[in-house]
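Notes to accompany the following structure.
The values are calculated or read from the model by the stated rules, or taken from the named source; none is laboratory data. From a predicted model like this one, the values you see are computed outputs, not experimental measurements. All Cβ positions, even for glycine, are placed from backbone atoms using ideal geometry, and neighbour counts span all protein chains on display.
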Amino acid sequence: MTRTTTYAMAILFGSTMTAAVMAGEATTSAYAGNSGRNGGTVAATAHYDGADGGVGLARTQTRSGEVNLARGLALGVDENGLDFSFSHAIATPHGPAYAGTLNLSIGRNGDVSGSYGGVLSQGGAVRNAQAGGTTRTDYRGATAQANATGNTWPGGRVVARTNSYNSQPRVYVPARLSYAPRYGR
């Protein structure tokens with residue numbers, strides 16, 4: 001490679017890494033399932049990564065037994081804005097399995113992005129549901145995404161839905177008053 005190509009790649013890579021480090025991101029997921037007569041499994045994750053000087057919180061809670069329950073919560077604020085993510089899942093031995101997620105980012109420029117989703121698994125002897133999401137704020141604004149999936153065996157029905165939205169800040173430009181001189185009076 002030529003020296004110019006090497007420098008160009010170094011600058012491009014360096015600027016990409018700087019943008020990644022300067023972003024706040026909250027991510028959660030939750031899973032709950034039953035295994036017929038053998039109980040079930042649960043899992044939850046929560047992670048917050050913010051820019052320097054950011055403050056964050058990440059918590060998980062899981063419980064298995066008669067009712068299998070999982071929760072993940074991540075919340076953080078840094079110089080780019082606020083990031084919030086919450087996911088939960090529940091499954092019982094004889095009822096359906098459900099999982100849901102809610103994610104919200106508010107950028108420092110007023111950009112708001114959110115996502116939510118849910119899944120319901122019914123029927124079959126074995127049912128599970130998993131949902132998760134992530135939100136991110138950086139110098140360009142806010143983004144959010146959600147995912148939801150489930151499984152039943154044998155047979156059954158799984159219904160999953162997700163939605164994401166983004167709202168750009170409204171910019172108000174004040175009316176400009178101009179005074180033109182009047183001639184002829």
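For this structure, a couple of remarks:
- Residue in the range 75-90 that is out of contact with any His (no Cβ under 9 Å at 6 or more places or on another chain), outside any strand (DSSP E or B) and within 20 Å of Glu25 (Cβ to Cβ) present: yes
- Checking each residue of the range 101-109 against the condition of being surrounded by fewer than 19 Cβ atoms within 10 Å (Cβ to Cβ) and farther than 11 Å from Tyr31 by Cα gives at least one match.
- Applying the criterion of being modelled with pLDDT of 90 or more and not in a strand (DSSP E or B) to the residues of the range 155-185, the residue that is farthest from Asp111 (Cα to Cα) is Gly155.
- Selection count, the range 110-126, where residues are under 17 Å from the mean Cα position of the chain (by Cα), under 20 Å from Ile90 (Cα atoms) and surrounded by fewer than 23 Cβ atoms within 10 Å (Cβ to Cβ): 2
- His88 meets the conditions (1) in contact with a Ser or Thr (Cβ under 6 Å, 6 or more places away or on another chain); (2) buried (at least 20 other Cβ atoms within 10 Å of the Cβ); (3) not aromatic (Phe, Trp, Tyr) in every case but one. The failed one is (1).
The rows are residues; the columns are (1) among the hydroxyl-bearing types (Ser, Thr, Tyr); (2) farther than 17 Å from Thr134 by Cβ; (3) in contact with a Lys or Arg (Cβ under 8 Å, 6 or more places away or on another chain).
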residue: Asn68; (1), (2), (3): no, yes, no
residue: Val77; (1), (2), (3): no, no, no
residue: Leu82; (1), (2), (3): no, no, no
residue: His88; (1), (2), (3): no, no, yes
residue: Gly95; (1), (2), (3): no, yes, no
residue: Gly100; (1), (2), (3): no, no, no
residue: Leu104; (1), (2), (3): no, no, no
residue: Ser113; (1), (2), (3): yes, no, no
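- If you check Val112, Val42 for being touching a Leu at 6+ places or on another chain (Cβ under 9 Å), of a type in the set (Val, Ile, Thr), touching a residue at least 40 places away in the same chain (Cβ under 8 Å) and under 30 Å from Val171 (Cα atoms), only one passes: Val112.
- Across the range 127-177, the qualifying residues are those that are within 21 Å of Val42 (Cα to Cα) and among the aliphatic types (A, V, I, L, M), and the one among them that is farthest from the chain's Cα centre (by Cα) is Val158.
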